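J.: Quick one: the structure is below, and I'll ask about it shortly.
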There are 2 protein chains.
Amino acid sequence: MAANAQKDKKMVTEITAMDEDFAKWYTDICKKADLIDYSSVKGCMIIRPYGYAIWENIQKNLDNRFKALGHENVYMPMFIPESLLQREKDHVAGFAPEVAWVTHGGEEKLTERLCVRPTSETLFCEHYANIIRSYRDLPKLYNQWCSVVRWEKTTRPFLRSREFLWQEGHTMHATAEEARAETVQMLNVYADFHENDLAIPVIKGVKTPSDKFAGAEDTYAIEALMHDGKALQAATSHYFGDGFARAFDITYTSKENTLEYPHQTSWGCTTRMIGGIIMTHGDDNGLVLPPAVAPIQVVIIPVAQHKEGVLEKANELKDRLAAIGVRVKLDDSDQSPGWKYSEYEMKGVPLRVEIGPRDIEGGQFVVVTRHNREKTFAPIAELEEIIKSKLVEVRDGMYAKALANRERRTYACKTIDEINASLTAGDGFVKAMWCGEEECEDKVKELTGVGSRCIPFEQENISDKCVCCGREAKKLVYWGKAY
Amino acid sequence: MAANAQKDKKMVTEITAMDEDFAKWYTDICKKADLIDYSSVKGCMIIRPYGYAIWENIQKNLDNRFKALGHENVYMPMFIPESLLQREKDHVAGFAPEVAWVTHGGEEKLTERLCVRPTSETLFCEHYANIIRSYRDLPKLYNQWCSVVRWEKTTRPFLRSREFLWQEGHTMHATAEEARAETVQMLNVYADFHENDLAIPVIKGVKTPSDKFAGAEDTYAIEALMHDGKALQAATSHYFGDGFARAFDITYTSKENTLEYPHQTSWGCTTRMIGGIIMTHGDDNGLVLPPAVAPIQVVIIPVAQHKEGVLEKANELKDRLAAIGVRVKLDDSDQSPGWKYSEYEMKGVPLRVEIGPRDIEGGQFVVVTRHNREKTFAPIAELEEIIKSKLVEVRDGMYAKALANRERRTYACKTIDEINASLTAGDGFVKAMWCGEEECEDKVKELTGVGSRCIPFEQENISDKCVCCGREAKKLVYWGKAY
């Protein structure tokens with residue numbers, strides 16, 4: 001045990017402590033848990049097999065939800081001609097400054113520049129103009145999984161990189177009501193996915209007008225609080241009204257034989273969610289993964305594996321778990337158990353099963369939950385039920401821990417001074433009333449450092465007055481420092 | 001029946017007949033079966049939901065095969081700095097003339113141009129140089145699903161477009177033998193997938209030196225014969241030796257503690273396979289899809305659906321098929337059965353189930369196989385077994401038909417004159433002996449119009465002499481006109 005503890009310690013010191021330097025702790029985990037690597041392509045990252053397997057699980061779980069609601073996947077070109085990007089005025093103003101431009105094909109200069117898609121509203125709209133004719137063609141519920149490019153100046157793995165992976169849903173509806181309902185429905189899908197699959201509690205709300213997506217009438221978002229008290233916008237859902245439809249001349253003939261503009265939404269989430277998982281659940285021993293997206297849900301580590309019967313029993317446990325659909329790995333390499341404990345803690349594997357000669361003799365195994373390091377002895381005969389219930393317990397425990405952190409760091413404030421006083425305890429969400437004026441929004445940020453995150457669906461009345469100007473308050477707003 | 005036949009005919013005339021204009025027939029199917037659409041992005045295509053669903057099935061079936069052999073998925077940046085592309089001399093010579101160049105990020109001119117990846121050997125090699133240290137790190141078995149760009153002058157949907165979707169496997173091995181075995185293993189995976197899942201018979205072989213991938217020591221390929229007698233290179237697998245490892249300074253410490261260069265492979269297949277499906281199996285009524293990748297395997301069409309009990313029974317059949325994992329759709333729209341028959345024939349749905357009041361009374365249903373339009377009456381009680389066996393029968397029938405077409409159009413020739421005489425009957429594969437000289441390869445093409453496709457693994461001795469120069473023959477070669 002002493003030797004193992006020693007080795008544990010050695011591994012642990014390989015990453016910076018969270019409290020010492022959160023940013024460095026974060027990038028240490030990205031590297032040490034084998035999630036990413038850097039390359040000579042500045043501002044982009046390599047997503048390594050362990051990181052990509054998390055993304056594949058995210059994709060699968062979200063894609064199932066999208067398809068169950070009738071969405072279909074498509075693939076649009078990765079390039080957008082400059083003239084097409086310019087068709088909707090607000091949209092081009094928002095994106096043109098941060099796109100990568102292709103100017104040459106082979107040896108030839110292109111007659112028109114193409115940007116690498118930063119998002120694909122314009123391409124979808126051009127296509128919709130071709131294929132939407134009648135009310136029978138509506139709704140169109142399309143989604144696309146792809147990579148997009150935004151030429152960011154400062155980049156960090158998963159959180160902000162010049163290229164990232166995402167999905168972008170683009171839908172067209174006969175009426176504004178239907179389109180609004182879709183916008184909110186998809187926000188709820190994201191919220192459900194975050195809370196259940198990622199064990200990340202989120203605030204659902206609408207962005208203030210100054211913070212809307214370029215070209216949208218309303219932008220909805222889910223906001224999560226990271227371990228350091230900073231906010232992460234985890235996914236967004238936009239309602240466009242018929243603005244793009246007008247700009248792209250998309251019309252349909254209604255049942256009453258009139259010509260109408262359809263109403264549009266788009267919604268997206270990205271590899272940034274992996275950053276959210278790290279910063280919500282990780283600790284000084286490394287990554288902590290929610291079971292629903294963990295590439296390995298259970299790692300089995302044989303103890304004294306050279307002894308007769310140990311590897312046989314370990315393999316038997318593995319086969320039993322694989323048979324019920326658990327993602328299980330048996331590590332029978334010649335590293336010491338202590339080394340393996342640290343390795344899979346770093347990689348955030350939710351459950352560790354230990355099995356040695358004495359366990360076998362007693363008909364039991366040991367299971368350790370990563371998020372709180374609790375150790376349980378359990379009968380081998382009940383392996384399947386115990387592992388299944390432990391996986392649920394882990395998700396629930398991770399969610400409760402994250403929620404407690406958020407609640408501990410959420411400050412209800414009535415004045416600017418209260419905000420500043422609260423934030424001396426550390427960053428977090430500030431709940432405060434707002435009059436609805438952009439001027440006050442800017443001033444809060446200037447005086448306190450926290451910007452508006454969203455106007456939550458679940459409104460409370462903390463005060464009747466705006467936290468900034470003291471005039472009549474219209475809405476409760478969540479404020480915070482954002483990633 | 002007369003009315004339906006009329007409607008069938010009307011639908012059928014919407015596409016050009018195959019014998020009249022094969023190229024137009026092909027693009028008609030791409031459009032009318034809702035596989036693709038065009039956009040203002042020249043040379044690129046939109047893959048619509050029905051086309052993309054085929055691709056998703058291809059991906060799933062191939063990805064399972066790759067992972068079962070130990071491969072892991074990763075994601076590399078989509079850009080390659082010009083200096084990185086230039087690290088391997090043959091590689092850059094092959095690709096630089098046909099890449100898209102990004103020269104500006106936002107408003108700023110980049111200090112170094114970036115190309116949009118045409119393939120990712122250089123990126124994988126840069127990464128491998130970082131992560132391979134010891135023999136314990138080998139083999140590295142990586143794969144990537146992504147889109148790539150090659151600035152083609154002439155484009156056609158699926159077959160040749162400026163952007164296309166693909167997977168690219170990149171592996172590193174301790175020895176040349178292991179790497180060669182991987183190259184052949186992956187070619188066999190592609191061949192197995194084509195023959196079993198896509199019902200496309202293929203010739204496995206190695207490319208002649210003049211036709212190798214830029215930077216490879218050997219390029220293996222599978223070649224299929226399309227309905228018009230032209231050949232399609234359906235997938236390739238490359239053996240690189242240690243050429244890239246030397247250019248990128250990738251070394252590992254062997255068990256014997258010596259410093260060695262690892263040996264490399266890459267292998268890929270693309271959305272071009274969808275073009276191969278169309279041109280192998282399609283007919284004048286539209287697409288014909290192999291069951292393994294068909295988005296809808298069975299379409300149920302109720303007859304006289306307004307009559308009591310018809311829709312209930314149709315729904316019951318649907319539920320029973322869905323329960324055994326069949327991808328089934330019930331079309332209860334208000335279109336006529338005749339319209340629906342044509343629609344799903346155009347979309348290539350392998351099986352059509354018809355159910356009407358008289359069928360229900362007799363306890364039977366009708367099943368029609370798309371590829372040969374054979375109609376069978378079968379007892380409702382045996383639905384599951386019958387559909388399962390029909391799906392196998394369809395795959396086997398499609399394969400046999402494609403194989404018969406290839407055999408009918410494969411000509412064994414001993415002289416240039418024999419080649420020219422054979423080809424008057426129409427394009428096809430020519431089997432002829434070759435001395436191994438590039439000069440003869442070029443001359444055969446010049447004199448007959450058919451180029452070397454591959455040197456097949458299954459060699460035959462048609463003659464002792466080269467078909468061109470008459471000197472001693474070294475190999476049997478397949479020749480053909482290529483897409």
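The values are calculated or read from the model by the stated rules, or taken from the named source; none is laboratory data. As the structure is a computational prediction, the values presented were derived from the model and not from experiment. Reconstructed Cβ throughout: ideal geometry from the backbone, glycine too, with neighbour counts over all protein chains shown. Side chains are part of the model used for accessible areas, which takes the heavy atoms of the whole protein and leaves out ligands, DNA and RNA. Shrake-Rupley method; radii C 1.70, N 1.55, O 1.52, S 1.80 Å.
J.: Being under 25 Å from A:ILE36 (Cα atoms) and in a loop (DSSP other than H, G, I, E, B) is the filter; apply it to region A:333-347 and report the residue that is most open to solvent (accessible area, probe 1.4 Å).
T.: In this case the residue turns out to be A:GLN335.
J.: If I filter region A:177-185 for residues that are modelled with pLDDT of 95 or more, within 23 Å of A:ARG246 (Cα to Cα) and not in a helix (DSSP H, G or I), do I get at least one hit?
T.: Looking for residues that are modelled with pLDDT of 95 or more, within 23 Å of A:ARG246 (Cα to Cα) and not in a helix (DSSP H, G or I), one finds none in region A:177-185, hence no.
J.: To continue, here is another question. So in region A:42-72, with the set limited to residues that are in contact (Cβ under 8 Å) with a residue 40 or more places away in the chain, at the interface with chain B (Cβ under 7 Å from one of its Cβ atoms) and buried (at least 21 other Cβ atoms within 10 Å of the Cβ), which one is farthest from A:GLU345 (Cα to Cα)?
T.: Per the stated criteria, the residue is A:CYS44.
Okay, residues lined up against (1) open to solvent by 10 Å² or more (accessible area, probe 1.4 Å); (2) at pLDDT 95 or above; (3) within 30 Å of A:VAL326 (Cα to Cα):
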{"position": "A:VAL394", "(1), (2), (3)": "no, yes, yes"}
{"position": "A:ASP417", "(1), (2), (3)": "yes, yes, no"}
{"position": "A:ALA425", "(1), (2), (3)": "yes, no, no"}
{"position": "A:PHE429", "(1), (2), (3)": "no, yes, no"}
{"position": "A:ARG453", "(1), (2), (3)": "yes, yes, no"}
{"position": "A:ASN461", "(1), (2), (3)": "yes, yes, no"}
{"position": "A:GLU472", "(1), (2), (3)": "yes, yes, no"}
{"position": "A:LYS481", "(1), (2), (3)": "yes, yes, no"}
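J.: Continuing with this model, one more query. Restricting to region B:162-174, what's the tally of residues that are away from chain A (no Cβ under 12 Å) and acidic (Asp, Glu)?
T.: 1
J.: Return yes when A:SER463 is polar (S, T, N, Q) and outside any loop (DSSP other than H, G, I, E, B) and no when it is not.
T.: Judged against the criteria, A:SER463 is not a match.
J.: List the strands (runs of 3 or more DSSP E) that sit entirely inside region A:230-328 and contain at least 3 residues that are at pLDDT 95 or above and under 27 Å from A:HIS371 (Cβ atoms).
T.: A:231-241, A:298-302
J.: Another one. Filter region A:300-332 for residues that are open to solvent by less than 30 Å² (accessible area, probe 1.4 Å) and over 16 Å from A:GLU354 (Cβ atoms) and give the result.
T.: The one that is open to solvent by less than 30 Å² (accessible area, probe 1.4 Å) and over 16 Å from A:GLU354 (Cβ atoms): A:VAL326.
J.: Which condition number does B:PRO97 fail, the rest of (1) touching a strand residue (DSSP E or B) at 6+ places or on another chain (Cβ under 8 Å); (2) open to solvent by 10 Å² or more (accessible area, probe 1.4 Å); (3) more than 25 Å from B:PRO295 (Cβ to Cβ); (4) within 10 Å of chain A (Cβ to nearest Cβ) being met?
T.: The single condition B:PRO97 does not satisfy is (1).
J.: Which ones in region A:175-210 are among the hydroxyl-bearing types (Ser, Thr, Tyr) and either within 14 Å of chain B (Cβ to nearest Cβ) or open to solvent by 20 Å² or more (accessible area, probe 1.4 Å) (or both)?
T.: A:THR175, A:SER210
J.: While we're here: Please determine, by comparing only the residues of region B:118-147 that are touching a strand residue (DSSP E or B) at 6+ places or on another chain (Cβ under 9 Å), assigned to a helix (DSSP H, G or I) and more than 10 Å from chain A (Cβ to nearest Cβ), which one is most open to solvent (accessible area, probe 1.4 Å).
T.: Only one residue fits best here, namely B:TYR135.
J.: Here's a follow-up. Just wondering, is there one or more residues in region A:354-365 that are open to solvent by 20 Å² or more (accessible area, probe 1.4 Å), closer than 30 Å to A:ALA191 by Cα and in contact with an Asp or Glu (Cβ under 9 Å, 6 or more places away or on another chain)?
T.: no
J.: From B:THR111, B:THR103, grab the single residue that is open to solvent by 10 Å² or more (accessible area, probe 1.4 Å), within 8 Å of chain A (Cβ to nearest Cβ) and modelled with pLDDT of 90 or more.
T.: B:THR103
J.: Within region A:19-36, is there a residue that is open to solvent by less than 10 Å² (accessible area, probe 1.4 Å), farther than 19 Å from B:PHE79 by Cα and within 12 Å of chain B (Cβ to nearest Cβ)?
T.: Within region A:19-36 (the criterion being open to solvent by less than 10 Å² (accessible area, probe 1.4 Å), farther than 19 Å from B:PHE79 by Cα and within 12 Å of chain B (Cβ to nearest Cβ)), the answer is yes, since at least one residue qualifies.
J.: Of the residues that sit in region A:74-88 and are within 25 Å of A:ALA179 (Cα to Cα) and open to solvent by 10 Å² or more (accessible area, probe 1.4 Å), which one is nearest to the other protein chains (Cβ to nearest Cβ)?
T.: Looking at residues that are within 25 Å of A:ALA179 (Cα to Cα) and open to solvent by 10 Å² or more (accessible area, probe 1.4 Å), I get A:TYR75.
J.: Only one of A:LYS390, A:LYS401 is under 32 Å from the mean Cα position of the chain (by Cα), open to solvent by 30 Å² or more (accessible area, probe 1.4 Å) and charged (D, E, K, R). Can you tell me which?
T.: When all the criteria are applied, what remains is A:LYS401.
J.: Only one of (1) modelled with pLDDT of 95 or more; (2) within 23 Å of A:GLY243 (Cα to Cα) fails for A:LEU62. Which number is that?
T.: The one condition A:LEU62 does not meet is (2).
J.: Sticking with this structure for a sec: If I filter region A:149-161 for residues that are touching a strand residue (DSSP E or B) at 6+ places or on another chain (Cβ under 6 Å), modelled with pLDDT of 95 or more and more than 10 Å from chain B (Cβ to nearest Cβ), do I get at least one hit?
T.: yes
J.: Would you check which residues across region A:214-229 are open to solvent by less than 10 Å² (accessible area, probe 1.4 Å) and acidic (Asp, Glu) and list them?
T.: A:GLU223
J.: Have a look at B:ALA421, B:ALA378, B:ALA402 and point out the one that is touching a Phe, Trp or Tyr at 6+ places or on another chain (Cβ under 7 Å), at pLDDT 95 or above and of a type in the set (Gly, Ala, Ser).
T.: B:ALA378
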